[in-house]
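*Asks:* The structure follows.
The values are calculated or read from the model by the stated rules, or taken from the named source; none is laboratory data. This structure is a prediction, so every number in the text was calculated from the model and none was measured. Using ideal geometry, Cβ is built from the backbone for each residue, glycine included, and neighbour counts are taken over all protein chains shown.
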Amino acid sequence: MAHDRRSRGYERAEGIQGTGLIADPIYHYMVMTDRIEGERTERDVIDTPWVQRLRRIFQLQSARWVFPTAEHTRFQHSLGTMHVAGTFSEQLYPSLFKIFKADLPSFPYVDELLRLAGLLHDTGHGPFCHFFDQQYLLRFRSNHEEIGQHIIREKISPLLRGIRRSPHGRFEKAEVLDPEQIAFLIKRPQKREGRKQPRWLNFLQQLFRGIFTFDNIDYVLRDAYMTGVSIGPVDWRRLFYYTSFRKEGLILDKRGMDALAMFLNARLYLYSNVYYHRTTRSIDLQLQEIFKDTMEILCPFHPAEELDRYLSLTDWFVMEKVSEWKRSLSPRERRLGEKWAEVLLRKLKWSSVFEEKLTLGEMEMGRPIFLTPEEVKQRIKALLPHHLKEIEFHVDMAHHDPRPLNPWHASEEGTLLIFDPASKRMSREPLRTLFQYIPAKVAICRVYAPTHRFDRELSRAARRALASGGYAESFDTNL
């Protein structure tokens, strides 16, 4: 007995020597594998230029100019996502093992697979994050997830194959970490693309694209904390405790429904009050006028084809370059430099003169839900007095769907099932009850103008343009 106690104490000491702690304001401490002789560790992956690069990409592309303390980066978020993934893997593995048994790798392997996918899920982000995807990568029919897959395969894969354990222990002897599985978790390939993956990996992929994910759990908690915006409690540990796998897919016990509602409402609140804040969107409108031209100069290549050049393309790099352009000999660069200076000094061009929140009930998939900004703009123009039809204004439609439109219409490996412990039955029906209290789709329609001179006329025309939808929650705004 004494020998067993000493043995367990030795194993514990050995485990501590192979790990390190990362202090964090959200989770207090996060664990990583570190300094194990003859092995690669999570510390080695974190210290790669590709992950360290995320220190120079801000988490919030424009909202940080609205919320002074929101200076956190994709690096911090990636570490947090790794931590959440590892915490959740402990809860999920037993139920996954019941389904796949001997076909499932060891717990340390699955744990590390999820942790590294969480750590690396944002490595492909460019400057200004999703704005870079929408305003520039679309020209290549690509996005940050695809770029991240290239980085994993071409730059980090040898390192990943050298990892032999998670913080919970060593892999089985024959197990070697497969970078292709990490890439698959980050972004599911289109049908008939890539190699066929084991079915247990398809199950795990639901954790990166569902109603709640490791990614959005961390960004809701972190963005709220760093902006100072109070979202109320988010009981993510209860949510994860009641989550498991069955042969039908990802299951949430009915006792976790309230925790899911708390999370979805918190996420929706952040979209309405941070990501789609009227000044945040005003800055985005101003950036749209110069961002594509800027990237054509700084990134005249497909990032996936020239990763070494892409490595230096960060927020820091862009802001240093555009600051120099005010003195450039190139008229194009000088013009862009002057416009960037206005953004960086918060000399904002657009003021919000009208705002209306649009909420619709449950809609069938495929049915048109909202008018496009251009359609709303044309309606407003038609309703303005004749002498004002040529005034400058912009319509912004900020859309947010806090959940899939039809979570009960899903593929085999799709959305969440709810388990009723009383009846022992599973269905998606309880989600209908939950979503009665959470807007099916939310959009914020705003009208921006360079001055407040025509606020009254624009507001009146905008209100009439949207009147056919029966919306009532509209009000004039002023920056």
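So that you can scan it fast, the table gives a plain yes or no per residue for (1) among the basic types (Lys, Arg); (2) closer than 21 Å to residue 219 by Cβ; (3) assigned by TED's automatic domain parsing to the domain that holds residue 205; (4) crowded, with 24+ Cβ neighbours inside 10 Å:
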site	(1), (2), (3), (4)
104	no, no, yes, no
114	no, yes, yes, yes
118	no, yes, yes, yes
125	no, yes, yes, yes
130	no, yes, yes, no
134	no, yes, yes, no
138	no, no, yes, no
146	no, yes, yes, no
150	no, no, yes, no
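*Asks:* State all residues of the stretch 18-54 that are among the acidic types (Asp, Glu) and in contact with a strand residue (DSSP E or B) (Cβ under 9 Å, 6 or more places away or on another chain); if no residue qualifies, say none.
*Replies:* The answer is 24, 34, 39, 42, 44.
*Asks:* Tell me, which helices (runs of 4 or more DSSP H) lie completely within the stretch 1-120 with 3 or more residues that are at pLDDT 95 or above and either more than 27 Å from residue 184 (Cβ to Cβ) or in contact with an Asp or Glu (Cβ under 6 Å, 6 or more places away or on another chain) (or both)?
*Replies:* 74-100
*Asks:* Kindly list the number of the only condition in (1) in a helix (DSSP H, G or I); (2) touching a helix residue (DSSP H, G or I) at 6+ places or on another chain (Cβ under 8 Å); (3) farther than 23 Å from residue 21 by Cβ that fails for residue 158.
*Replies:* Result: residue 158 fails condition (2) only.
*Asks:* In addition: In the stretch 177-197, what count of residues is obtained for those that are in a loop (DSSP other than H, G, I, E, B) and either within 17 Å of residue 119 (Cβ to Cβ) or modelled with pLDDT of 95 or more (or both)?
*Replies:* Of the residues in that region, 3 qualify.
*Asks:* Here is a follow-up. Take the residues of the stretch 27-72 that are surrounded by fewer than 19 Cβ atoms within 10 Å (Cβ to Cβ) and touching a Phe, Trp or Tyr at 6+ places or on another chain (Cβ under 8 Å): which is nearest to residue 115 (Cα to Cα)?
*Replies:* So, considering only residues that are surrounded by fewer than 19 Cβ atoms within 10 Å (Cβ to Cβ) and touching a Phe, Trp or Tyr at 6+ places or on another chain (Cβ under 8 Å), the one nearest to residue 115 (Cα to Cα) is 52.
*Asks:* How many residues are outside any loop (DSSP other than H, G, I, E, B), at pLDDT 85 or above and among the polar types (S, T, N, Q) when one looks only at the stretch 422-466?
*Replies:* Residues that pass the stated criteria total 1.
*Asks:* Just one of 152, 182 is farther than 17 Å from residue 47 by Cα and β-branched (Val, Ile, Thr); which is it?
*Replies:* Details: 152 fails: farther than 17 Å from residue 47 by Cα.
The unique qualifying residue is 182.
*Asks:* Which one of the conditions (1) in a loop (DSSP other than H, G, I, E, B); (2) modelled with pLDDT under 95; (3) out of contact with any strand residue (DSSP E or B) (no Cβ under 8 Å at 6 or more places or on another chain); (4) of a type outside the set (Ser, Thr, Tyr) does residue 369 fail to meet, given that it meets all the rest?
*Replies:* Residue 369 satisfies every listed condition except (3).
*Asks:* Among the helices (runs of 4 or more DSSP H) lying completely within the stretch 211-306, list those that include at least 1 residues that are surrounded by fewer than 17 Cβ atoms within 10 Å (Cβ to Cβ), under 21 Å from the mean Cα position of the chain (by Cα) and modelled with pLDDT of 95 or more.
*Replies:* In the stretch 211-306, the matching helices (runs of 4 or more DSSP H) lie at 214-227.
*Asks:* If the Cβ limit is 8 Å and pairs must be 6+ apart or interchain, which residue in the stretch 156-176 that is under 12 Å from residue 112 (Cα atoms) pairs with which residue that is of a type in the set (Phe, Trp, Tyr) and part of a loop (DSSP other than H, G, I, E, B)?
*Replies:* 164/171; 165/171
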